[in-house]
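Working notes for the structure below.
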Amino acid sequence: MPSHSQEIDSRSRDKVPVLATGRPRLLLVDGHSYAYRAFYAIRSLNSPSGRPTNAIYGFIRMLTKIQEIVRPTHLLVMWDGGNAAERMTLLPQYKQQRKEMPSDMEQQLDQIVTWLKASNFGSYIQDGCEADDCIAAMTKRASAAGYEVVVASSDKDFMQLVSDHVWLHIPTDKEQPLWGREHVRAKSSVEPEQIVDWLALIGDTVDNIPGVPGVGPKTASDLLKQFGSIDGIYRRIEEIRSERLRASLQTSAEIVRRNQELVRLNDKVECGPPVEELAVREGDFDALRHLYEGWGFRTLLHELQQARLKKTDFFNQNA
């Protein structure tokens with residue numbers, strides 16, 4: 001069984017924003033993103049019956065750690081329901097370079113959802129809707145309802161959602177558990193409100209979106225600092241001194257406008273359960289015990305039993 005420390009560095013805790021008085025915090029987890037990370041982090045783990053369990057175990061450990069860092073009052077894991085038809089119309093090769101999901105991982109996804117249900121965590125998927133768009137819509141809805149929101153994903157598209165009450169949890173950043181405005185600015189040199197234009201200029205190889213030839217992250221951020229937006233760039237394009245850069249931008253004008261539509265998250269989609277139904281609750285002890293026994297997760301089973309004993313002792317002492 002892989003070793004795991006339940007302790008979170010106190011320095012990381014100090015960097016987590018304090019909850020505003022009376023303001024609940026919603027954690028939105030990019031399910032497929034974390035399932036992939038879990039699958040590749042632990043390459044070999046099987047149940048007593050021989051079925052692969054590496055993604056399941058890794059996912060449980062990762063989500064537990066995120067909870068300890070973020071301390072959400074509400075939680076929802078969102079899954080991809082397929083590529084958005086609008087983006088496929090704009091760019092038929094959108095995400096087409098991605099490899100098929102490994103079969104050993106695919107067969108574990110339903111079991112991860114079963115664990116989420118036993119843990120009383122929200123899990124949601126909508127056919128034909130990308131998780132990114134659902135997360136954006138849930139973020140908008142929760143923010144309007146007075147929630148703080150943390151989006152857990154390594155997808156840079158989510159930087160466009162960051163605001164005074166919306167943060168990102170980036171699993172690859174061990175020093176800073178939550179990204180706010182200043183961290184988006186440090187990463188991209190632009191504001192969260194400019195991320196769509198920044199990505200439209202540089203493209204996104206992960207999603208197979210080509211950018212403007214000769215325009216990398218620094219050039220894009222310099223352009224946006226000078227002109228404010230893509231509209232500003234094209235309105236004042238004659239002010240660009242480099243003939244090569246000016247010509248590249250002029251030639252790529254239609255691509256840039258298309259890219260804006262591709263990378264802008266659609267927060268108007270109708271998806272997700274009511275936020276108030278996502279409150280973090282105690283899991284079903286018997287259901288979790290049955291799952292851990294079947295998967296052969298002895299360490300998790302021991303931790304589950306110990307947590308129940310501590311809770312029983314607490315109530316007995318205060319009876």
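Numbers below:
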{"read-out": "Extension gain (nm, one decimal) between R235 and R98, 0.36 nm per residue minus Cα-Cα", "value": "45.7 nm"}
{"read-out": "Gyration tensor (alpha-carbon) shape descriptor, the chain, a/c threshold 1.5", "value": "prolate"}
{"read-out": "GluC sites (Glu not before Pro) within region 78-146: DSSP coil, no more than 15 neighbouring Cβ in 10 Å", "value": "E100"}
{"read-out": "0 to 90° range, to nearest 10: angle between helix 103-118 axis and the chain longest Cα axis", "value": "60"}
{"read-out": "Filtered trypsin sites (Lys or Arg not before Pro), region 185-271: DSSP coil and at most 12 other beta carbons within 10 Å", "value": "R236, R241, K268"}
{"read-out": "The chain - percent relative contact order, Cα under 8 Å, separation 6 or more", "value": "21"}
{"read-out": "At R0 = 41 Å, FRET efficiency that the Cβ-Cβ distance of R71 and N46 yields, to 0.05", "value": "0.80"}
{"read-out": "Per DSSP, loop trypsin sites (Lys or Arg not before Pro) in region 97-148 with at most 15 further Cβ within 10 Å", "value": "R98, K99"}
{"read-out": "Test item: Cα-centred dipole of the chain, Lys/Arg +1 and Asp/Glu -1 on Cβ, debye", "value": "660"}
{"read-out": "The chain: most fluctuating residue of A142, A220, A247 per GNM, C-alpha cutoff 10 Å", "value": "A247"}
{"read-out": "On Cα atoms only, tilt of 285-295 relative to the major axis of the chain in degrees", "value": "80"}
{"read-out": "Helix-only mean residue ellipticity at 222 nm for the chain, each DSSP H run of n ≥ 4 adding -39500 (n - 2.57), per residue, nearest 500", "value": "-14500 deg cm²/dmol"}
{"read-out": "Contact order normalised by residue count of region 192-263, Cα under 8 Å, 6+ apart, percent", "value": "42"}
{"read-out": "Isolated Cys residues of the chain, judged by Cβ distance under 4.7 Å to other cysteines", "value": "C129"}
{"read-out": "0 to 90° range, to nearest 10: angle between helix 54-70 axis and the chain longest Cα axis", "value": "80"}
{"read-out": "Dimensions (Å) - region 192-263, Cα atoms, principal axes, largest first", "value": "31, 23, 20"}
{"read-out": "Pairs beyond 30 Å (Cα-Cα), from K156/K310; K117/K268; K140/K310; K99/K225; K95/K140; K117/K187", "value": "K156/K310; K140/K310; K99/K225; K117/K187"}
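All of the numbers you see were taken from the coordinates with simple rules; none came from a lab. What you see is a predicted model, and the numbers here were worked out from it, not measured in a lab. Heads up, the Cβs are rebuilt from the backbone with ideal geometry, glycines too, and the neighbour counts pull from every protein chain shown.
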